[in-house]
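J.: For reference, the structure I am asking about is given below.
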Amino acid sequence: MKKTLLFVCTLLMSSTSWAASFENAKDAVTNMGVGWNLGNTLDANDASKTWKTTAEHETCWGQPVTKPELIKMMKEAGFGTIRVPVTWYQEMDANGKVNDAWMKRVKEVVDYVIDNDMYCILNVHHDTGADSNTFKSWLKASGNSFKANQEKYEYLWKQIAETFKDYDQKLIFEAYNEMLDEKSTWNEPVNKTDGYKAINDYAKSFVTTVRNTGGNNKDRNLIVNTYSASSTPDAMKNLDKPEESNHIIFQIHSYPNWQSKSNAKNEIDNLISNIKSNLLNRAPVIIGEYATFTTWPSNIDYYSTDREVALYAMDYLIKETKNAGIATCYWMGMSDGANRTLPVFHQADLAQTLIKAYYGSTDGYKYPTIDDFDIVYDITYNDQWSELFLYGNWADNVPTLSLSEYKGIRVEMDDDYSSTLQIKTYSDKSGETFKEAYMNLTAGSKTTTIDFDASEVGSKIYRITLQAVDSNKKAKLFKVTLIKTDGTEVPGVIEAAWGCSYTMEATPKPTAIRAIHINQTGADSAIYNLNGQRITSPHKGIYIQNGKKYIAK
């Protein structure tokens with residue numbers, strides 16, 4: 001009898017000790033540091049297609065297959081959390097069973113994060129969201145949707161939770177992303193009684209399902225979002241805490257509408273004040289998505305149009321959220337497209353701003369850029385007159401090059417392409433019409449330097465491309481340099497415009513380490529719906545533009 005009691009007491013003490021050591025939500029949010037979203041990757045989807053491989057699914061929005069080196073780079077740059085958005089509906093059968101290969105791939109990516117001793121947030125992403133003519137999310141913030149989909153939703157989370165139930169406290173589950181009502185209404189539902197009740201029903205259903213799978217899930221920290229992940233006070237105050245424990249985290253998203261430093265400060269102060277009044281007094285909070293760009297009322301990326309304001313706002317936001325005890329995860333950016341494969345930062349100053357704001361310094365952290373590599377672009381032109389961007393893209397928010405500041409461009413290649421390629425500029429936009437100008441590459445030379453002539457190119461250049469005169473041509477490009485009027489130089493930005501693709505061969509400087517081969521298929525940078533179809537006039541909903549989420553409201 002004594003031995004039995006001793007065994008039971010020892011077991012209880014062991015269990016109590018284990019439970020006490022499992023981090024609570026407040027501590028987790030404090031310890032997350034600065035976070036980043038692995039966006040447009042496992043969350044990518046296309047309702048018009050059936051995937052044969054996980055790689056086809058993962059790359060359908062133009063991002064490369066994620067490799068552990070990318071996550072390691074983020075860790076070495078000072079980031080402590082990676083949010084891994086995942087869209088599941090195309091990998092589920094009629095009964096809701098998740099494809100084994102997809103679950104395995106999700107687990108691989110989660111392991112990349114956990115193996116780097118970082119926090120990982122795993123969610124259900126574009127199974128929610130705005131409907132379009134070709135896409136319809138299956139999770140809606142409505143009583144009818146909850147009633148129809150509760151069993152399927154709980155089965156999905158049961159599969160996810162059982163797959164990861166032995167993972168430690170660094171793995172956090174997020175119930176759903178930006179769940180909207182039946183009318184795809186942003187910020188607040190049309191029928192507030194029905195919409196807010198449905199959000200709370202889904203949140204409660206999620207928490208109960210995860211807890212019932214046992215293992216570490218009984219104490220795992222769990223995230224629930226406001227309606228549409230909205231930051232309005234009404235959406236915040238109407239989100240219930242789904243269980244009375246210290247393992248629940250509230251989440252909202254916030255995209256800016258700045259015009260100046262003072263406006264940015266006021267907006268951030270107002271956001272944090274509302275979070276404190278409506279959420280933080282009940283549970284810890286994470287801003288799971290934020291960025292330097294906005295899509296409403298206009299599509300602006302302040303990083304491109306006013307970097308001083310953008311970096312000021314990012315510095316201020318991180319300092320103020322840290323002081324308030326609020327965690328953050330930046331939405332994409334910083335390393336995008338082919339940069340993720342190297343991997344390097346294409347917005348290293350933005351990454352450094354976030355980390356310095358949080359830790360006070362970037363000492364000891366690394367921020368590799370493409371300038372650390374010797375690059376060769378192997379270009380394939382498939383169509384006559386197809387183009388490769390040397391500067392700009394199809395987006396309207398790329399800053400123009402004024403001839404008062406820029407005087408020319410230099411292109412360095414492996415051979416003389418004067419008979420097959422030419423430089424094309426788009427300038428002086430009037431309505432939807434551009435002034436177009438064409439300039440020859442230098443005959444008999446591998447390097448072409450062109451001085452802009454205002455009478456030919458106009459006063460403001462929006463885009464510069466390297467255009468093929470014929471189809472089925474290949475070329476190697478080493479470097480593109482924009483030359484300022486004061487003699488200083490800045491690098492061009494290579495992107496596929498249309499009708500062409502390219503691969504990159506990168507050799508780190510200055511050592512002779514073997515080359516890294518990157519396969520990057522160029523996109524045309526137009527606006528696409530979630531099915532990958534090009535849209536000329538987007539209505540309300542979520543779209544993809546330049547590898548980023550585009551929200552038309």
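J.: Report the extension gain between D27 and S419 in nm, rounded to one decimal, defined as 0.36 nm multiplied by the number of residues separating them, less their alpha carbon distance.
T.: Values: separation 392, 0.36 × 392 = 141.12 nm, distance 6.41 nm.
Length gained, D27 through S419: 134.7 nm.
J.: Ok, one more. Over region 309-410, calculate the relative contact order: mean separation of alpha carbon pairs under 8 Å at least 6 apart, over the residue count, as a percent.
T.: Working: 59 pairs, mean separation 21.4, N = 102.
Averaging sequence separation for qualifying contacts and normalising by length gives 21 percent for region 309-410.
J.: Using alpha-carbon pairs under 8 Å, 6+ residues apart, how would you state the relative contact order of the chain in percent?
T.: 14 percent
J.: Same structure, new question: Percent relative contact order of region 274-350, based on C-alpha pairs within less than 8 angstrom and at least six residues apart?
T.: On the way: 67 pairs, mean separation 23.5, N = 77.
Value for region 274-350: 30 percent.
J.: Any idea what the dipole of region 303-399 comes to, in debye rounded to 20, about its Cα centre with Lys/Arg Cβ at +1 and Asp/Glu Cβ at -1?
T.: 540 debye
J.: If you don't mind, another one. Hey, any idea what % of the chain's accessible area is carbon plus sulfur with a 1.4 Å probe?
T.: Of all accessible area on the chain, carbon and sulfur atoms account for 49 percent.
J.: For the chain, return all DSSP H helices satisfying: extent of Cα atoms along own axis at least 18 Å; mean Kyte-Doolittle hydropathy at least 0.5.
T.: Once both thresholds are applied, what remains is 2-21.
J.: By how many nm would the segment from T53 to Q384 grow when fully extended, if each residue of separation counts as 0.36 nm and the alpha-carbon distance is taken off?
T.: 116.0 nm
J.: Pull up the cross-link candidates among the aspartates and glutamates for K147, meaning alpha carbon to alpha carbon under 17 Å and not fewer than 8 places away within one chain.
T.: Cross-link targets: D127, D181, E182, D194, D201.
J.: Is the shape of region 407-493 rounded, prolate or oblate, going by the alpha carbon gyration tensor and its root eigenvalues a ≥ b ≥ c, with a/c under 1.5 for rounded and a/b larger than b/c for prolate?
T.: Note, shape of region 407-493 comes out oblate.
J.: Could I ask something else about it? So which aspartates and glutamates pass the test for K473, namely a Cα distance under 18 Å, with those fewer than 8 places away in the same chain ruled out?
T.: Result set, ordered by chain and number: D378, D383, E387, E412, D414, D415, D416, E495.
J.: Here is a further query. As a test of the formula, what do you get for the chain when each DSSP H run with n ≥ 4 contributes -39,500 (n - 2.57) and the sum is divided by the residue count, at 222 nm and rounded to the nearest 500 deg cm²/dmol?
T.: Value at 222 nm, helices only: -9000 deg cm²/dmol.
J.: If the reach is capped at under 16 angstrom between alpha carbons, list the lysines near K407, excluding any in the same chain fewer than eight residues apart.
T.: By straight Cα distance, K407 reaches K424, K460, K484.
J.: Can you tell which of N216, Y119, Y167 lies farthest toward the positive end of the dipole of region 109-260, using +1 and -1 charges on the Cβ of basic and acidic side chains (Lys, Arg; Asp, Glu)?
T.: N216
J.: Just list whichever of K97/K204; K67/K97; K75/K319 have alpha carbons separated by over 30 Å in the model shown. Kindly include the intermediate steps, with their values, before the conclusion.
T.: Values: K97/K204 22 Å; K67/K97 26 Å; K75/K319 20 Å.
Pairs exceeding 30 Å: none.
J.: If you don't mind, another one. Report the local net charge at T328: Lys and Arg +1, Asp and Glu -1, summed over other residues whose C-beta lies under 13 Å from its C-beta.
T.: Here the count lands on 0.
J.: Among the listed pairs K26/K237; K356/K429; K170/K322; K107/K197; K136/K429, which have their C-alpha atoms separated by more than 29 angstrom in this model?
T.: K356/K429; K107/K197; K136/K429
J.: Report the calculated FRET efficiency for K72 and N266 (r = Cβ-Cβ distance, R0 = 30 Å), to the nearest 0.05. Before the final figure, lay out the partial values.
T.: Details: r = 38 Å, r/R0 = 1.27.
The calculated FRET efficiency here is 0.20.
J.: Would region 353-478 count as rounded, prolate or oblate if I go by the C-alpha gyration tensor, calling it rounded below 1.5 in a/c and otherwise prolate when a/b exceeds b/c, oblate otherwise?
T.: Verdict is oblate for region 353-478.
The values are calculated or read from the model by the stated rules, or taken from the named source; none is laboratory data. Just so it is clear, the model here is predicted, and its values are computed rather than measured. Because the Cβ atoms are built from the backbone with ideal geometry, glycine has one as well, and the counts that use them run over all protein chains shown. Just so you know, the surface numbers come from the protein's heavy atoms only, side chains and all, with ligands and any DNA or RNA stripped out. Shrake-Rupley method; radii C 1.70, N 1.55, O 1.52, S 1.80 Å.
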